[in-house]
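> Quick one: this structure, given as structure tokens, is what I'll be asking you about.
The values are calculated or read from the model by the stated rules, or taken from the named source; none is laboratory data. Values in this document were obtained by computation on a predicted structure and should not be read as measured data. Reconstructed Cβ throughout: ideal geometry from the backbone, glycine too, with neighbour counts over all protein chains shown.
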Amino acid sequence: MNAAQSGDSQAPGGPSSGLRDIPEPLHGETGVALSGPPISPMARISLYDDVQWELFILEWVHALRSGYVQVKRFGGAGDRGADIAAFKTANGLEGAWDCFQCKHYAEPLALGDILPEILKIFVATVVGECVLPDSYQILAPRGCSTNCGRMLSSPQKLRKKFLDHLADDDSTLARGLESDLVSSVQELASVTDFSMFRSVELTDVLELHKTTCWYSDRFATALQPRPAHVPAPGDLATHERRYVQQLVDVYAEAHPEESLQPESVASNPRVGERFRRHRENFYKAEALRVYARDSVPPGTFERLQDDIHSGVIDVVEDHHATGLRRLTSVLSLVGQLDLSRHRLISVVEIDDRQGMCHQLANVDRIQWMSRNE
């Protein structure tokens, strides 16, 4: 958050803020591939405004979820020195937790920016709103100044500096706080290990962010290679019954002399090879769906699938002499569609496109056999 949003103007002893669940990060341009000269992630982040920084941190926080029971975000102006609370137990703020404070300033953070935040978390602890966190981690796109960074790396010196400011009548650090509250903070701070306070380097944030599905989309980097294709299982699965039945209906119309059933069509000498090829493509598309879940923002795969549907549906609904003609016409067309705007297209093959048509048939968004023909 920026200086105006951080709540620095409110006395640390003011009303407490509520906690709310971290929402799923949203991307207005999800699934669209961008082009242009490469710009490093750090260079992009240096140009962020407050909203972009907040969104980036939300994405990073989602990568932290695996290490915590719950991750929540403080709401309201009085953040108590914590923008994000990551709970290690079901006891929340009353148990083990880590605190993350986000600062979006134009310059590196100075010690004067950090000390008020340290005071806030001590005040919150003294008044019983929480226990001290296991760690208090400060995130800022421009990092800390040399002096501030040196202090954060010297816990005993940082504690002494903090206590000196509290005891200094000319310091504005504790202005507005009751003397009894200041005394309680001094008592707690004097026995606290200040190694809990540390800054998080942007390089470390980016390293973790690389593991999220938002990284490639946010920084316009190349997608990771897809894993090798795992062949379709021998037995039909429940989740693929509908598109298989549609294919069987197509083959039965084309070869009425054959007795075709979903369980045996793969071994039929006339259509078995074609069916097995279509089934492999369905499973390739299913693997692409899983890959997309881990590699690109939510909704990216679905938008690609929707565009494929839009690109072929007129041909699907057109008149065809047989269902087989409709099937072959659509599968030929889907390989010619211009899908270059989509983020996934660099890892999508013709087989995937055809497999996505079978995915659409699996939920009846495409029907190979027209009831009117």
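> For segment 300-318, enumerate the residues that are in contact (Cβ under 8 Å) with a residue 60 or more places away in the chain and among the aliphatic types (A, V, I, L, M).
304
> Hey, another quick one. Give segment 113-133 a look and list any residue that's more than 14 Å from residue 191 (Cα to Cα) and either in a helix (DSSP H, G or I) or in contact with a Phe, Trp or Tyr (Cβ under 7 Å, 6 or more places away or on another chain) (or both), or say none.
113, 114, 115, 116, 117, 118, 119, 120, 121, 123, 124, 133
> Within segment 235-272, which residues are part of a helix (DSSP H, G or I) and hydrophobic (A, V, I, L, M, F, W, C)?
244, 247, 248, 250, 252, 254, 265, 266
> May I pose another question? I'd like the full set of residues that are over 20 Å from residue 223 (Cα atoms) and either crowded, with 21+ Cβ neighbours inside 10 Å or at pLDDT below 95 (or both), limited to segment 279-297.
Selection gives 279, 281, 282.
> Would segment 214-236 turn up any residue that is surrounded by 16 or more Cβ atoms within 10 Å (Cβ to Cβ) and within 30 Å of residue 154 (Cβ to Cβ)?
Checking segment 214-236: not a single residue is surrounded by 16 or more Cβ atoms within 10 Å (Cβ to Cβ) and within 30 Å of residue 154 (Cβ to Cβ).
> Go through 142, 175, 150 for me and flag whichever is surrounded by fewer than 16 Cβ atoms within 10 Å (Cβ to Cβ) and either touching a Pro at 6+ places or on another chain (Cβ under 6 Å) or β-branched (Val, Ile, Thr) (or both).
142
> Exactly one of (1) touching a Leu at 6+ places or on another chain (Cβ under 6 Å); (2) modelled with pLDDT under 95; (3) within 30 Å of residue 55 (Cα to Cα) is unmet by residue 105. Its number?
Among (1) touching a Leu at 6+ places or on another chain (Cβ under 6 Å); (2) modelled with pLDDT under 95; (3) within 30 Å of residue 55 (Cα to Cα), the lone unmet condition for residue 105 is (1).
> Can I ask one more? Across segment 320-346, what is the total count of residues that are assigned to a helix (DSSP H, G or I), farther than 15 Å from residue 296 by Cβ and in contact (Cβ under 8 Å) with a residue 24 or more places away in the chain?
Final tally of qualifying residues: 7.
> Okay, next question. Would you be able to say whether some residue in segment 79-88 is at pLDDT 90 or above and either part of a helix (DSSP H, G or I) or not aliphatic (A, V, I, L, M) (or both)?
yes
> Restrict the check to segment 159-176 and report whether at least one residue is in contact (Cβ under 8 Å) with a residue 40 or more places away in the chain and of a type in the set (Gly, Ala, Ser).
yes
> Mind checking whether some residue in segment 61-72 is within 26 Å of residue 186 (Cβ to Cβ), in contact (Cβ under 8 Å) with a residue 60 or more places away in the chain and in the same structural domain as residue 190 (by TED's automatic domain parsing)? Let's see the steps before the verdict.
Quick first cut of segment 61-72, residues within 26 Å of residue 186 (Cβ to Cβ) only: none.
No, segment 61-72 contains no residue that is within 26 Å of residue 186 (Cβ to Cβ), in contact (Cβ under 8 Å) with a residue 60 or more places away in the chain and in the same structural domain as residue 190 (by TED's automatic domain parsing).
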